[in-house]
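To start, the structure under review is shown below, and the notes come after it.
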Amino acid sequence: MGGQQSQHYRLFQQYCSEAYIILRRRAEFFINLMMLMKDANIPDISGVPGRPEDPERQLYKMVEWAHKLKQDYWTA
């Protein structure tokens with residue numbers, strides 16, 4: 001992308017930050033969507049056999065992972 005000081009890299013950072021903020025704001029929507037998909041017995045959403053996990057918990061784990069990744073990435 002031209003290095004950390006390039007215009008393209010800064011634009012990439014801006015897009016990543018905006019995407020994270022939008023996803024975080026819409027967390028409730030994604031929780032509801034995942035719960036609907038779980039009720040529809042979609043295999044990849046229904047969980048691992050013998051180890052079911054609440055879709056809300058899965059989403060919050062993903063959001064926290066993304067937040068940590070963002071912090072680690074911007075401070076590197």
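Overview of results
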{"item": "Some residue of segment 23-41 being over 30 Å from Tyr9 (Cβ atoms), modelled with pLDDT of 70 or more and part of a loop (DSSP other than H, G, I, E, B)", "result": "yes"}
{"item": "Per-region count, segment 9-24, residues aromatic (Phe, Trp, Tyr), surrounded by 12 or more Cβ atoms within 10 Å (Cβ to Cβ) and out of contact with any helix residue (DSSP H, G or I) (no Cβ under 7 Å at 6 or more places or on another chain)", "result": "2"}
{"item": "Members of segment 5-22 that are in a helix (DSSP H, G or I) and more than 20 Å from the chain's Cα centre (by Cα)", "result": "Gln7, His8, Tyr9, Arg10"}
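The values are calculated or read from the model by the stated rules, or taken from the named source; none is laboratory data. As the structure is a computational prediction, the values presented were derived from the model and not from experiment. Virtual Cβ from ideal backbone geometry, glycine too; neighbours counted across all protein chains shown.
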